[in-house]
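The values are calculated or read from the model by the stated rules, or taken from the named source; none is laboratory data. Fair warning: this is a prediction, and the values are worked out from it, not measured in the lab. Side chains are part of the model used for accessible areas, which takes the heavy atoms of the whole protein and leaves out ligands, DNA and RNA. Shrake-Rupley method; radii C 1.70, N 1.55, O 1.52, S 1.80 Å.
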Amino acid sequence: MLQKRIALGLLIVIVIVGGLWLYNFVLGDTEEASAPISSVPLELTGVPTAEPEPTAVPATAVPNEPDPTPEPEIVPTPPPTGPVIFEISQADSEVRFVLDELLRGDPTTVIGASDQVAGQIAVDLSDLSTTQLGIIQINARTLATDNNFRNRAIRNRILQTDDYEFITFAPTALTGLPDSAAVGEMVSFQIVGDLTIRDITQEATFAAEVTAVSDTQLTGTAVATVQRADFELVIPEVEGVADVDEVVILEIDFTALAVE
């Protein structure tokens, strides 16, 4: 009898310890964002950075002037044209992931969102072939759905945000851009690049639509579809959750402002 009680006591301790470990592993607290997100500065390629020197134009000589060498007249050179760098405004932007699942038997669309997205884009509306897009960063620790238990599971088990705080997208090509665009005109094109989630990098393509609202403001959206398996995004077994879709939709709505 005593041995049975001891065995039962050990079993209870194991269950309690195991339950606490499982709770912390799946649903425990996670690290907060280390700091407000900021952009990786975009280094323009193939664009002159030095401003030309002002051009000196000799003044017209006036007859009977005693001084034969008048001071040259300095004519200011107009500022150089070229790409303008715009930076994503967190206050006016949002990134999202969207996927479907069965929650207690009911079809549910899960949306996780954050405003902690940063990046820069260089645009010359008169020559869109010079457009350059810098690295886009998302703070994965700030992604949130409508359910705190799900949020903890995503951060602890799926994205492992304590170890991998940022999701990054490094563009490698822009395709489908027209030659030029006017203020107020929407431009559709594709952005190809390397998407890194945790320590796994895969190529992804975003379909983008961008409008120059003014000379100092861009607005736009970009959407891509990825497979969970490509990034080894394994859903933990949680009671009531089933048939989580393999397809994940990634979306961004953004406003970018000209860098002064």
Calculated P(r) of region 75-199 - Cα pairs past 19 Å, %: 61
Solvent-accessible surface ranking, highest first, for GLU185, GLU32 at 1.4 angstrom: GLU32, GLU185
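Percent of alpha carbon pairs in region 167-231 separated by more than 21 Å? If you can, show how the numbers build up before the last one.
Values: 688 of 2080 pairs.
The answer is 33 percent, as a whole percent.
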Largest-first ellipsoid semi-axes for region 134-260, taking √(5λ) over the Cα gyration tensor eigenvalues, angstrom: 32, 16, 14
Phi-based couplings in Hz for region 152-163 (Karplus 6.51, -1.76, 1.60; Gly and Pro marked x): 5, 5, 4, 6, 6, 9, 8, 9, 6, 5, 5, 9
